[in-house]
Amino acid sequence: MKNATNYALSEKEPTTYTYDTKQTDQLSNGPDYFFIKKNSILTKVPHNDILWLGAFGDYVIVNTKDQRFILPITFKSLEDKLPPGKFVRVHRSYIVQIDMIKVVENTTIFINNTSIPIPIGPFYKKNFIRRLNPLG
């Protein structure tokens with residue numbers, strides 16, 4: 001079974017993108033998107049398109065509905081720029097968009113349109129479950 005780490009790193013060598021740092025102060029209180037820059041091309045990435053984010057050293061992998069970006073930015077730095085009501089940290093290396101969660105089974109999350117399991121870390125589990133506000 002693939003896990004999120006193997007998925008993110010197993011495909012052919014991905015392209016590394018740069019994060020537009022001029023926008024970093026705008027993200028948490030500003031628009032519901034950000035731009036990711038590759039060479040001279042800026043790609044608009046709406047927050048709603050993000051499925052999950054994974055930390056790998058000093059890089060963050062942003063997995064969207066259509067694309068995957070590798071950014072040379074720290075996980076904490078990007079986490080601070082995401083809207084807290086939409087995203088939740090579930091593991092020291094993973095953040096998921098709450099609206100994209102399909103199933104939570106014990107300590108694993110499955111995201112819409114993927115079969116990639118995202119682990120839930122024990123330190124993050126209580127807050128994560130509280131944020132889901134489950135019935136029953």
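Just so it is clear, none of the values below were taken in a lab; they were calculated from the coordinates. All values reported here derive from a predicted model rather than from experimental measurement. Cβ placement follows ideal geometry from the backbone for every residue including glycine, while neighbour counts extend to all protein chains displayed.
Close amide H contacts of VAL60 (hydrogens built in the peptide plane, cut-off under 5 Å, sequence separation of 5 or more or a different chain): LEU71, ILE73.
In the structure displayed, which of LYS44/LYS86; LYS37/LYS102; LYS44/LYS126; LYS44/LYS65; LYS65/LYS86; LYS44/LYS76 lie more than 23 Å apart, Cα to Cα?
Beyond 23 Å: LYS37/LYS102; LYS44/LYS126.
Charge tally around GLY85: other residues with Cβ under 12 Å, Lys/Arg +1 each, Asp/Glu -1 each, net 0.
Each label was represented as a point 7 Å from its Cα along the Cα-to-Cβ direction; for LYS86 and ASN112 these points are 1.3 nm apart.
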